[in-house]
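Undergrad: One structure follows; several queries about it will come next.
The values are calculated or read from the model by the stated rules, or taken from the named source; none is laboratory data. In this text, all values refer to a predicted model and were calculated from it rather than measured experimentally. Every residue, glycine among them, receives a Cβ derived from its backbone with ideal geometry; neighbour counts consider all protein chains shown. The protein model used for the area step is the full one, side chains on, heavy atoms only, and it has no ligands, DNA or RNA in it. Shrake-Rupley method; radii C 1.70, N 1.55, O 1.52, S 1.80 Å.
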Amino acid sequence: MSSSLPPRPFPAGPIASVTGTAVVVRGDDIDTDRIIPARFLKCVTFEGLAEGAFADDRTELAGAHAFDRAEHQGASLLLVNRNFGCGSSREHAPQALMRWGIRAVVGESFAEIFYGNCLALGLPCLTAGHDTMRALQEAALAAPTAPLCLTLADATLEGYGQRWPLELPAGPLQMLTTGQWDATAQLLSHHAELSRTLGALPYANGFH
């Protein structure tokens, strides 16, 4: 049930833009249990979660779900509606989307915890009004293989012959474009300072 294409690198460091095709998942209040059903939470690591993305919806639709359709394999952008990611605060939901191949989500609004979990993975979540999202989704459905370019600095999505205005708050914009969201990379970039600090901690050196 996962994408048939080779996996792409996960987000890392500063993120200025996201390019690729879009996949549409319509509906308000799509919660995290639909994004990744609870039975997949038993995993010890996040590996393999792409298989669980919208698993129950995909089973019910028997291959007709957007995540199973051939024209959407390799899509980078997910187009959704209102209050996407509501429900329980499971970080597995954005992990499943990321591992399937999604690199940015555009919708009318997002549940706060889901939004924060996406930001922690380097997945930008941008918003647009109802009419804009409806028109954008219709355009994506009409041209599923058309390339798009999402630019974070000016919060725009260019494609389908238009330049679509979106919204991205200043805080998340700064974190994404400077790489501050990537805590692991920040730690690695300060390895020397961390080593010196560790060497000066008595409890890390037998209290010598």
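Undergrad: Across segment 30-68, what is the number of residues that are part of a loop (DSSP other than H, G, I, E, B), touching a residue at least 60 places away in the same chain (Cβ under 8 Å) and out of contact with any strand residue (DSSP E or B) (no Cβ under 8 Å at 6 or more places or on another chain)?
TA: 2
Undergrad: Which residues, taken from segment 18-67, are among the hydroxyl-bearing types (Ser, Thr, Tyr) and within 18 Å of Tyr115 (Cα to Cα)?
TA: Thr32 - this is the single residue of segment 18-67 that is among the hydroxyl-bearing types (Ser, Thr, Tyr) and within 18 Å of Tyr115 (Cα to Cα).
Residues are listed down the side, and each one gets a yes or a no for (1) within 12 Å of the chain's Cα centre (by Cα); (2) in a strand (DSSP E or B); (3) not hydrophobic (A, V, I, L, M, F, W, C):
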| site | (1), (2), (3) |
| --- | --- |
| Pro94 | yes, no, yes |
| Met98 | yes, no, no |
| Val106 | yes, yes, no |
| Gln137 | no, no, yes |
| Pro144 | no, no, yes |
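Undergrad: Just for segment 42-69: of the residues that are among the aliphatic types (A, V, I, L, M) and open to solvent by 60 Å² or more (accessible area, probe 1.4 Å), which one is nearest to the chain's Cα centre (by Cα)?
TA: My answer is Val44.
Undergrad: Let me ask another. For the condition open to solvent by 10 Å² or more (accessible area, probe 1.4 Å) and either over 19 Å from Glu47 (Cα atoms) or touching a His at 6+ places or on another chain (Cβ under 6 Å) (or both), what is the one hit in Ala104, Ala111, Ala75?
TA: Ala111
Undergrad: Now a separate question. Give the residues of segment 84-93 that are surrounded by fewer than 18 Cβ atoms within 10 Å (Cβ to Cβ) and either out of contact with any Lys or Arg (no Cβ under 9 Å at 6 or more places or on another chain) or among the charged types (D, E, K, R) (or both), sorted by residue number.
TA: Ser88, Ser89
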